[in-house]
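Below is one structure, written out as structure tokens; the observations come after it.
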Amino acid sequence: MECLVGMSGGVDSSVTAALMKKKYNSVIGCTFRMIDSENTENSISDAKKVADLLKIRHIVVDCRENFKNLVMDNFINMYKNGYTPNPCVICNKFVKFQLLSELRKQYNVDVLATGHYAVLRKNNSKIELHQATVLEKDQSYFLYKLNQDVLKYLEFPLGNLNKSQTREIARDFGIHVSDKLESQDICFIPNGNYVSFLKKHLSFAKHGEIITEKGEVLGLHKGTINYTIGQRKGLGLSGGPFFVKEIDAKNNRIVVSNINNLKEDIINIRDVNFINEEYIGECEVKIRSANRKYKAEIVKENNNFYVHLFEPIFGIAKGQHCVFYSDTKVLGGGIIC
């Protein structure tokens with residue numbers, strides 16, 4: 001059998017390639033060129049070195065146009081309209097795994113593998129997506145948009161490992177990136193300064209009103225892209241405390257309120273995807289990747305879905321993703337609107 005491995009040049013995907021080399025007759029390592037940057041070239045170089053060490057074929061796929069159109073432009077437009085996007089979820093669905101699926105057919109390989117920390121389980125004819133064994137490393141939140149057409153060919157060999165174990169395996173194989181630091185930033189914003197990035201791509205009013213829910217003007221903001229839902233610091237308001245409740249980009253306003261008014265128990269969602277079958281009923285949800293899970297109920301009315309939380313929670317942001325779980329199993333999810 002043959003396997004195609006997504007290789008980013010980091011330790012996780014490098015170990016994945018090594019484990020697949022032990023398991024399968026033939027392995028191809030694939031690295032995506034998503035943006036033009038020194039980091040990209042270094043990552044491609046690292047992936048090539050690992051492929052050479054493992055004596056596997058290595059290919060580089062140029063997906064800069066797709067990545068710009070589907071991920072970067074989406075990120076910019078969502079911020080422009082007052083949303084808080086999560087580009088990694090979109091990239092996984094519409095770029096990484098879309099291209100891996102196309103390459104699987106092109107190279108006629110049997111299996112796809114990546115270094116994501118998540119677990120796949122077969123249940124009759126369907127594949128289930130589960131959280132990683134070590135929850136601190138779990139990446140299932142970012143994968144909820146995948147479907148059976150992709151999952152049935154996928155393997156996540158790191159799903160039952162912690163990071164220390166992964167690094168130890170890399171050292172055993174003599175992989176030179178065994179101690180390479182993890183990237184904590186969005187790949188096209190390597191310094192983490194998304195405001196600076198957005199200023200290069202958007203023209204926006206620098207100042208506007210900060211108002212209460214009743215329309216009372218409390219002060220001026222420094223540009224809507226500088227604020228996030230739930231933010232308290234940096235508002236420059238007396239009294240309070242005040243928290244950002246809404247980013248009204250259309251009218252160039254920031255709406256603030258007290259913390260009690262920021263707690264909500266209804267989440268409206270769009271672009272809903274269920275990994276297996278459609279599910280209506282009790283579950284748990286996450287509203288951010290690092291967030292805890294909250295008990296809730298998925299409700300469907302007139303072909304639209306919403307989530308009823310059993311306890312109101314703080315800081316629900318439009319544009320983030322609400323992911324549904326049943327214990328460790330990922331049921332699906334949607335974009336918060």
For the chain, what proportion of DSSP beta bridges, expressed in % and rounded to the nearest 5, is antiparallel?
70 percent
Using Cα atoms only, what is the angle between the long axis of helix 11-23 and the major principal axis of the chain, expressed in degrees (0 to 90) to the nearest 10?
30 degrees
Just rank VAL285, VAL272, fewest to most, by other beta-carbon atoms within 10 angstrom.
VAL272, VAL285
Of the listed values (i) 51, 49, 40; (ii) 68, 45, 34; (iii) 74, 51, 50, grab the one calculated as Cα extents along the principal axes in Å from the structure here.
(ii)
Relative contact order of the chain, defined on C-alpha pairs under 8 angstrom at six or more residues apart (%):
16 percent
Could you work out [θ]222 nm for the chain from helices alone, using -39500 (n - 2.57) per DSSP H run of at least four and dividing by all its residues? Round to the nearest 500 deg cm²/dmol.
-7000 deg cm²/dmol
May I ask for the angle, rounded to the nearest 10°, between helix 38-54 and the longest principal axis of the chain, with both axes built from Cα atoms and the value confined to 0 to 90°?
30 degrees
List VAL307, VAL61, VAL50 from most exposed to least, where exposure is judged by having the fewest other Cβ atoms within 10 Å.
VAL61, VAL307, VAL50
How tilted is helix 97-107 with respect to the longest principal axis of the chain? Cα atoms for both, answer in degrees (0 to 90, nearest 10).
20 degrees
Quick one: order THR40, THR31 by neighbouring beta-carbon count within 10 Å, fewest to most.
THR40, THR31
Just add up the charged neighbours of ILE28: K/R +1, D/E -1, any other residue whose Cβ is under 11 Å from the Cβ of ILE28.
+2
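Throughout, read-outs are computed from the coordinates displayed, never taken from laboratory work. Predicted model, so just to flag it, every value in this text is computed and none were measured. A quick note on method: Cβ atoms are made from the backbone with ideal geometry, for glycine too, and the neighbour counts reach across all protein chains shown.
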